[in-house]
Every structure is written in structure tokens, then in C-alpha cells.
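Novice: Have a look at this one before I ask anything.
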Amino acid sequence: MKKLIWLGCLSYLIIGVAHVVGGSILEQLIAHYGLSYKDGGQWIMNQFLGFLVGVLLAPSITARIGKRGAVLLAIGVLTVSEAAYSLLLPWGWMLAIAPFAGVGFGMTEAVVGAMIIDMAKNGKASAMSRLEIFFGVGALLIPIAAAYLIQHQIWQVSFPILAAMAGITFVLWLTMSFGELDEQLGFVSRSVKAEQNGAAAPQALLAADKEQVSAFFGYPRKALPFLLLSALFFMIYVGMEMSFSNYLPSILTSRSGLGESSAAAALSLFWGTMVLGRLFAGVLADRMGYARYLLIATAGASVIFVGMAMLGQLSWLLAMVALSGLFFSGIFGIALVYANELIPGMTERTTSLLVACGGLGGAIFPRLTGWFMDQYHVQSTLWLICALVALLLLLLVAMLVLGRRQGQRTALKQN
């Protein structure tokens, strides 16, 4: 299990790089092609539309070719897409390639995340936080690397670096053995194997498969309000986080006069404190409870963003950026574990659905934010992000109220 978790961590590191690489060099990409922020937002939106498709396809692809096969397909698509980005083709081609890159990192995130939540018997929050730490490490390293590359006027090398990292990860998933877990992670699922071999499966296995299929297509009616609120929460959270992280260098350049390389490096401050927070997020959430942790973190983030919009000095801005990373650090992973705990037995379905909603937010909100930055001042954009964080807090409160009722129903059923 340890080898699986560590390879999952490496995969999440690649996803972190893939999520942030666009924002790290967005200013240079816009200048190279002579574009507006709205056009840059379209490119980011296309990636996240692909992300949405990849996440939604993950359960059915996993059912056909197994968990390992699905991860290999996803990382293979990501590798080829980033290699194509490296050619800096005409802008129309870059927009066409973007959905395939999104499919690659979206499917990887959904399959690996569900795999770890499902297979980790104890300390699910800690295991998920470990994955999120490496996501943050990837998101932390690429702005630092991009700042160095921008300074030396070779920013476009960011894409082949990611393609090489994804290719190495592909080879590791292809060749590494996980011992007794190999059968569960095989290229073909149990039901497909039985069908291909023409073997008569035991009655218990057929019953389990039947239950699994019915669970995949439908949730208990009483769980739907909680599920819908959770889906909206993930859409707002990921959309807001991606808008903030992708446009942070541009915000700092416009508002404080930072140079382009320094602004790109400042993005690492956000992801650095995000990584630091994730070192403790899982342990804190396991000890204080998922609901209390999420409430404190989201309320703290709301206060920080109001402060960021009100205080204009560079030193205060950087301090608020650092604190926002700390408060955001565990929200995604802990909310994912929290939702799966309250709707047991449907880990792959719930994980894919919630990550897909996050991908939808990641597609829509950066596009809207790019348009907003073109039309209005950066200060107005910060207040827009503040409003999204406040909405996130209201959604969480409603979600926790319904979650308490859902938890009571789940406990009664288990008893």
C-alpha cells in the first residue's frame, strides 16, 4: 500500500504542475500571441472543460480497463498534450489541444484520488492530505521554475519539462508491482475478466457486481440535497482557487508594480504555504472532526480575502497571499473525504462527481475572471473573489447542517 500511495503522490505532483503551469506563464503566452486576458481565460477554460470530461469518464473507463489502465491512459494523454504545447503551434491549435490536456490531468486526479480513499483502511484524511501535499509541491515548484525561465527568456521550456515528468510517471505506473494489490489494480476489472474468460462467477460476486451497478447509477433520495450542495461547494471552491492562482501574478503586477518574474515567483508563496498547511491538515481534521476543520478554514479564508482587497501595500498583499494558502490548504481534500464518509459505498461515483463539479468551476470562473479583469480594475476582481469565498462559507454552513442529518441516517442504517 505504501508504494501505491507514493506513486499516487507523484501523480498528484504532476497534476499540480499541470494545473498551475498555465497561470505561471500566462503573461508571456498572452504577449507571444498578442492576446487579451479573455483569450487567456478561454485557453484555461478549454483545459478545464476537458478536465470535466476526463473526471466524468473515469468510473466507466476504470470499469472497463481497470484502475491501472485508466491511470496509464490519462497520463499518456497528458504527456502527448504537453509535448504538443511545447511546439507553440498557432493559437487555434493550442485551444484545440487544451481539452486533451484537461482530460489527462482530470482523469488522473479522479482515478488516483478514489483509489486511495477506497483502499486506505485507516486515516483516510491523512492519506488524502498526503496526495494534496504533493499536488501543492507541484504547484509550488512550477512558478519558481517559470520565474527562472522567464528571467532567461525561455519560458516556453515549461511545457517540455511537464511532458518529461508525465512520461516518467507513465513508465512507473506501467512497470511497478504493488504485490497483493496488483489484481485489484489490473488492466481489466473483475466483471470484464469473468465475461472475457466465459467463466461462471460465484453467486456472491454476481450479487456484489449487481449492487455496484445500481449504486453507480443512483443515490438514496434523502442523500441528494447534501450531494447537490457538496457539488456546488466544489464548483465554487475550485473555480475561485483557479481564478486566484492563475491571475495572481497579473494581479500583483498591476496592483504593486512587481516585475513579471517576481510576480510569477510570488505564486510560489501561495502554494508554499498551501503545502505547509497540508502537512498538518489531515491530522488536524482527523482529531477535531472534518466539519469543524472545514468551517474554521473557510471562515478564516473569508477574513483573509477581505483583508487582501482592503490593504494595498505589497508587504500586506504578500502576507495575505501566504495566509490564504494556509487556510485553503486542506479544504479540497478534507471536503472530499467528508462527503464520501456521509455517502458510504459509492466512493468512485462520489469522488468523480465532486471532482467533475470542481472541474466545471475551474472551466467557467477563470474565463469570467479574465473577462472581468479586461472590463474592470484589478481591485474589483479581488472583491469578486471575496464574494465567491463568502458564498463558499454560506454553502458550507448549509452543507454541514444537511451533513449532520445524513450522518445520523447513515449511522442508523449501519446499526
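Values quoted throughout were computed directly from the atomic coordinates according to the rules given, and no laboratory measurement underlies them. This structure is a prediction, so every number in the text was calculated from the model and none was measured. Positions of Cβ are backbone-derived with ideal geometry, glycine not excepted, and every protein chain shown enters the neighbour counts.
Novice: Need the full-extension length gain, ALA31 to ILE296, defined as separation in residues times 0.36 nm minus the C-alpha distance. One decimal, nm.
Specialist: The ALA31-ILE296 span can extend by a further 91.4 nm.
Novice: What nm value, rounded to one decimal, do you get for the distance between PHE280 and LYS2 when each label is placed 7 Å out toward the C-beta?
Specialist: For PHE280 paired with LYS2, the spin-label model returns 2.6 nm.
Novice: Now for a separate question. How far apart, in nm, are the 7 Å Cα→Cβ label points at LEU311 and HIS152?
Specialist: If labels sit at LEU311 and HIS152, their model points lie 3.6 nm apart.
Novice: Considering the values [x] 21.0, 71; [y] 23.4, 77; [z] 22.1, 72, which represents Rg and Dmax of the Cα atoms in Å as calculated for the structure under consideration?
Specialist: Of the listed options [x] 21.0, 71; [y] 23.4, 77; [z] 22.1, 72, [x] comes from this structure.
Novice: Among ARG287, ARG221, ARG349, which one moves the most in a GNM of the chain with springs linking Cα atoms closer than 10 Å?
Specialist: Judging by the Gaussian network model, the answer is ARG221.
Novice: Once the piece of chain linking TYR219 and ILE144 is laid out straight, how much longer is it, given 0.36 nm per residue of separation minus the C-alpha distance between them?
Specialist: Result: 22.6 nm gained on full extension.
Novice: What spacing in nm lies between the two simple spin-label points modelled at ARG64 and LEU172, each 7 Å away from Cα in the Cβ direction?
Specialist: 2.8
Novice: Further question: Which ³J(HN,Hα) values in Hz, rounded to whole numbers, follow from the phi angles of region 342-350 under the Karplus curve 6.51 cos²θ - 1.76 cosθ + 1.60, where θ = phi - 60° and Gly and Pro get x?
Specialist: So the J values, rounded to whole Hz, are 7, 10, x, x, 9, 4, 5, 5, 5.
Novice: Another question, if that's okay. With a 10 Å cut-off between alpha carbons and a GNM built on the chain, which of LEU73, LEU360, LEU314 moves the most?
Specialist: Greatest mean-square fluctuation among the candidates belongs to LEU314.
Novice: For the chain, take the longest principal axis of its alpha carbons; what is the angle in degrees between that and the long axis of helix 124-151, to the nearest 10 within 0 to 90?
Specialist: 30
Novice: In degrees, nearest 10, range 0 to 90: what is the angle between the Cα axis of helix 314-328 and the longest Cα principal axis of the chain?
Specialist: That works out to roughly 0 degrees.
Novice: Okay, next question. Going by C-beta contacts inside 10 Å, put VAL306, VAL112 in order with the fewest on the left.
Specialist: Ranking VAL306, VAL112 by Cβ neighbours within 10 Å, fewest first, gives VAL306, VAL112.
Novice: Here is a further query. Any chance you could check the Cα centroid distance between region 67-94 and region 302-354 for me, in angstrom?
Specialist: 28
Novice: Given the options ALA145, PHE270, ILE168, identify the residue whose Cα lies farthest towards the positive end of the charge dipole of the chain (+1 on Cβ of Lys, Arg; -1 on Cβ of Asp, Glu).
Specialist: Checked the options; the winner is PHE270.
Novice: Still on this structure, please answer the following. Counting pairs on different chains as well as pairs 8 or more places apart, how many Lys pairs in the chain have Cα atoms under 17 Å apart?
Specialist: Value for the chain: 9.
Novice: Most exposed first by the Cβ proxy, i.e. fewest other Cβ within 10 Å, how do THR175, THR253 rank?
Specialist: Ordered from fewest to most neighbouring Cβ atoms within 10 Å, THR175, THR253 come out as THR175, THR253.
Novice: Relative contact order of the chain: what whole-number percent is it, with Cα pairs under 8 angstrom and at least 6 residues apart?
Specialist: Computed over the chain, the figure is 28 percent.
Novice: Still on this structure, I have one more. Given a Förster distance of 56 Å, report the FRET efficiency between ARG404 and TRP91 from their Cβ-Cβ distance, rounded to the nearest 0.05.
Specialist: Details: r = 50 Å, r/R0 = 0.88.
For R0 = 56 Å, the calculated efficiency reads 0.70.
Novice: Going by C-beta contacts inside 10 Å, put CYS9, CYS357 in order with the fewest on the left.
Specialist: CYS9, CYS357
Novice: Helix 37-85 versus the longest principal axis of the chain: what angle, 0 to 90°, nearest 10, using Cα atoms?
Specialist: 20
Novice: Is there a quick way to get the dipole size of region 2-410? I mean about its Cα centre, with the Cβ of Lys and Arg at +1 and of Asp and Glu at -1; what is the value in debye to the nearest 20?
Specialist: My answer is approximately 960 debye.
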